[in-house]
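Note sheet for the following structure.
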Amino acid sequence: MIEFINVSKWYGSHRVLHDVNGRVERGEVVVICGPSGSGKSTLIRTVNRLESINNGQIIVGETDVNDRKKSVNRLRSGIGFVFQQFNLFPHLSAKDNVALAPITVRGLKKGEAYDRALELLDKVGLKSKADAFPGQLSGGQQQRVAIARALAMNPPVMLFDEPTSALDPEMVGEVLQVMKQLASDGMTMICVTHEMGFARDVANRVWFIADGEVLESTTPSEFFATPRHPRAQKFVADIRAH
Amino acid sequence: MNLHSLAVLADPNVQLLFLRGTLTTLELFFASAIAAYALGALLVVIRMSGWLPSAAVGAFVEYHRNVPSIVQIFVWYFGVPQILPQSWHTYANAHLSAFFFAVVALSLNAAAYISEDLRSGIRAVPTGQMEAARALGMSYLKAMRWVVVSQAVRGAAPALVNQALGLLKTTSLALAIGVKELMYVARQLDGETYATFPSYLTPTLIYLACTLTLMAIGSRVQQSTRFTR
């Protein structure tokens, strides 16, 4: 479904991604974790070409992400992306946020788009907030609207870039709950997250990344029980300490 | 207080004079405002798209910001026709009025300010907004249209209303090239009747009525499009 082949990226002379290889199968949930500044966010952002790469190849479905002949808009409309800072459109109500792209990109009829928007808001538990503006919602609610917004394009793949890192602790659970539901519905997901509980419960695989290199790609139970790479051992030990 | 000079305002001819002057002022204002907002938006597009070197637009903006408006009006009315080819010059003298040149000068001047207000409005929209729109598959233009510009205009609205107020007041400078607008007729009345106080009290009240109306419309529009961040 998603494949990274020798993906490298430099900022000037600084190498942020270092020969990344990996596959995410259809219906799989992959959690990417690692110390901050390790390139996790950069990596997930290369999947819908929010970041370019200097070397290698990324395939999503049948499409080469960096093929300049393919429409980047079409590619992106098939990949849901959830940001750390939500990035909801503050001038639009929750349901307008969700319906905007289906109307303007897919050319959906308004009635149809709003029906679908309400359905999705219901799915994330926010049907009653359909007319609220982002500024009137809590962080957790905003992030759930953002997930509904991404789902509105019916993407076969969802990417989450630290979706709970900007949230107050008491709101993390409601967002993770929605993500768990998605996973159990069979969505293909890549999540950059520090929520190790989520990784343990939901992920099929954990990729541990440090200094732009994937040092470990394994099942969550193995990753937490017997991390092999010293950096991964230290990372797991640091998490345990909390 | 000696208020008997106010009696001049009861004269229907005087009332007609002020009515005509007011209409000319409003014509100047609306013609210039429409041109200015359109051109202001176009300047932002030119600057952001890189069709022209951004220094060219920058020079345009700086000229209009740093040269007194009355000089700009004189340059257009007295200066520019002279450097045109003879045939154009003759055409301009025959067909283009002071009103026309006043609108050109006023609208170019206001457009420079408006483009700066719009540009800073666009810059004030966080980059995450464009990114989120593009991540949904919207093209650059769609993202600008539906996400960035619609927020930028709301953010820039107070400044844009200010430009409208400024433009309305600046139309009074057109009297200097003989456009028979509100201040022109006021001076005319003063010269003919020596009723100086009512001659200038009247335009004061008329300008105030117009600007207060503009402000009311502006805050009405802002309220109906308000959103909470």
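The values are calculated or read from the model by the stated rules, or taken from the named source; none is laboratory data. As the structure is a computational prediction, the values presented were derived from the model and not from experiment. A quick note on method: Cβ atoms are made from the backbone with ideal geometry, for glycine too, and the neighbour counts reach across all protein chains shown. The accessibility values were calculated without ligands, DNA or RNA, using every heavy atom of the protein model including side chains. Shrake-Rupley method; radii C 1.70, N 1.55, O 1.52, S 1.80 Å.
Quick notes
- Candidates A:F235, A:F198, filtered to the one that is touching a residue at least 12 places away in the same chain (Cβ under 8 Å), more than 19 Å from the chain's Cα centre (by Cα) and over 30 Å from A:L108 (Cβ atoms): A:F235
- Residue that is in a helix (DSSP H, G or I), in contact with a helix residue (DSSP H, G or I) (Cβ under 7 Å, 6 or more places away or on another chain) and within 30 Å of B:D11 (Cβ to Cβ), where the choices are B:L201, B:L189, B:L106, B:L165: B:L189
- Top-ranked residue in the stretch B:7-25 [being more than 13 Å from B:Y200 (Cα to Cα) and over 30 Å from the mean Cα position of the chain (by Cα); ranked as most open to solvent (accessible area, probe 1.4 Å)]: B:P12
- Some residue of the stretch B:52-67 being closer than 15 Å to B:A105 by Cβ, of a type in the set (K, R) and in a helix (DSSP H, G or I): yes
- Among the residues making up the stretch A:24-73, those that are within 14 Å of chain B (Cβ to nearest Cβ) and among the aliphatic types (A, V, I, L, M) are A:I44, A:V47, A:L50, A:V60, A:V65, A:V72.
- Matching entry among B:A133, B:A174 (being among the small types (G, A, S), in contact (Cβ under 8 Å) with a residue 60 or more places away in the chain and touching a Leu at 6+ places or on another chain (Cβ under 9 Å)): B:A174
- Test: A:T63 is in contact with a Phe, Trp or Tyr (Cβ under 7 Å, 6 or more places away or on another chain) and of a type in the set (S, T, Y): no
- Elements of the type strands (runs of 3 or more DSSP E) sitting completely within the stretch A:5-118 and holding at least 3 residues that are under 24 Å from B:K142 (Cβ atoms): these cover A:79-82.
- Odd one out for B:Q151, checked against (1) closer than 30 Å to A:P155 by Cα; (2) polar (S, T, N, Q); (3) surrounded by fewer than 22 Cβ atoms within 10 Å (Cβ to Cβ): (3)
- Of the residues screened, A:G135 is not one that is away from chain B (no Cβ under 12 Å), of a type outside the set (S, T, N, Q), in contact (Cβ under 8 Å) with a residue 24 or more places away in the chain and surrounded by fewer than 24 Cβ atoms within 10 Å (Cβ to Cβ).
- Of all residues making up the stretch B:110-137, the number that are farther than 26 Å from B:L173 by Cβ and either within 14 Å of chain A (Cβ to nearest Cβ) or buried (at least 24 other Cβ atoms within 10 Å of the Cβ) (or both): 16
- Test result for B:L173, modelled with pLDDT of 95 or more, more than 8 Å from chain A (Cβ to nearest Cβ), in a helix (DSSP H, G or I) and open to solvent by 30 Å² or more (accessible area, probe 1.4 Å): yes
- Qualifying residue in the stretch A:51-74 (condition: surrounded by fewer than 19 Cβ atoms within 10 Å (Cβ to Cβ), within 28 Å of A:S165 (Cα to Cα) and modelled with pLDDT of 95 or more): no
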